[in-house]
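The values are calculated or read from the model by the stated rules, or taken from the named source; none is laboratory data. Fair warning: this is a prediction, and the values are worked out from it, not measured in the lab. So basically every Cβ, Gly included, is an ideal-geometry build from the backbone, and we count neighbours across all protein chains shown.
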Amino acid sequence: MVCNQCPASCGADREKHSGACGVKGVRIAKYYLHPFEEPPVSFKNGSGCIFFCGCTLKCVFCQNYSLSRNTRGKDMTVKELADIFKRLEDTGAENINLVNPTHYLHAIAEAVSLYRPNIPVVYNTHGYEKLESLRIADGFVDIYLPDLKFIDPLLAKRYTARGDYADYALPALRFMAEKKCEVSADGKMLSGCIIRHLMLPQAVYDTLNVIKFVSGLPESVYFSLMSQYTPFGDAEKFKELRRGITKREYSAAVSAVRAYGLKNVFLQDFESAQSAYIPDWDF
């Protein structure tokens with residue numbers, strides 16, 4: 001089938017050869033109960049994360065570089081993917097967390113038709129999405145967990161393969177933000193939207209623009225401001241990316257969150273910038 005699932009619209013026959021994402025077929029790096037998502041997502045038992053290989057964005061600082069760029073992992077059939085849904089659910093996962101699912105959307109939809117999980121399904125995306133693809137995902141997704149990486153196109157051009165990132169991400173996030181928010185009495189998210197933003201060194205101005213954008217979305221949307229940036233992948237090639245976030249940069253962002261009156265916010269401890277949060281890709 002010709003693949004036009006993401007904005008790259010490369011038209012590759014992914015049954016035969018790789019597309020702009022760098023993969024063909026269905027390839028998974030790892031699946032397990034992940035304890036380090038936002039509290040309502042990991043909740044008590046951990047989020048049932050399935051890490052898909054390949055990526056269209058190709059961020060130079062990607063913390064999952066070995067699977068997004070080097071496509072380390074195992075090939076799967078759609079039936080095997082459906083079996084993983086069931087296996088994670090049986091082991092006590094709070095949800096099925098589809099990490100980097102965009103270029104596998106049709107395969108995921110087919111897998112869901114084989115086994116529809118009895119727990120929430122999370123769409124954990126970089127935000128670079130086509131609205132027509134999201135409308136397909138919306139038929140089985142309960143929780144959207146998108147990144148909003150940049151608004152400034154100069155940053156997107158410098159650090160990714162997609163200079164038009166914001167052209168697609170902003171409409172996509174507006175769509176995802178409309179998902180009705182439902183949280184259980186004990187704090188588990190059942191449906192809704194959590195927008196993540198990973199701060200980058202020397203890019204506070206763009207973080208402030210991100211916060212301003214989020215402030216214009218429905219109040220039910222959660223916002224996760226992440227200070228965990230650590231140089232990975234090709235980040236060492238960029239002088240400004242060779243360090244972490246400073247306390248001054250993070251404080252400026254936190255002040256903006258308060259100034260814009262965001263209510264549902266997750267803030268990281270400043271010391272969270274460490275590789276311990278990155279899984280071992282030992283699948």
Qualifying position, being closer than 28 Å to Asp164 by Cβ and at pLDDT 95 or above, among Ile84, Ile50: Ile50
Exclusive hit being closer than 23 Å to Lys130 by Cα and among the small types (Gly, Ala, Ser), set Gly92, Gly73, Gly54, Gly48: Gly54
Residue within the stretch 174-182 that is closer than 21 Å to Pro101 by Cα and crowded, with 24+ Cβ neighbours inside 10 Å present: yes
When residues of the stretch 22-32 are limited to those that are out of contact with any strand residue (DSSP E or B) (no Cβ under 6 Å at 6 or more places or on another chain) and surrounded by fewer than 21 Cβ atoms within 10 Å (Cβ to Cβ), the one farthest from Thr102 (Cα to Cα): Tyr32
Cross-chain or 6+ apart pairs with Cβ under 6 Å, the stretch 25-37 first and basic (Lys, Arg), then buried (at least 20 other Cβ atoms within 10 Å of the Cβ): Arg27/Cys53; Arg27/Gly73; Lys30/Phe51
Selection count where residues are assigned to a loop (DSSP other than H, G, I, E, B), basic (Lys, Arg) and out of contact with any helix residue (DSSP H, G or I) (no Cβ under 6 Å at 6 or more places or on another chain), scope the stretch 57-106: 2
Any hit, the stretch 107-122, residues being outside any helix (DSSP H, G or I), in contact with a Lys or Arg (Cβ under 8 Å, 6 or more places away or on another chain) and within 28 Å of Asp206 (Cβ to Cβ): no
Members of the stretch 132-142 found to be within 16 Å of the chain's Cα centre (by Cα), in a helix (DSSP H, G or I) and among the aliphatic types (A, V, I, L, M), listed by number: Leu134, Ala137
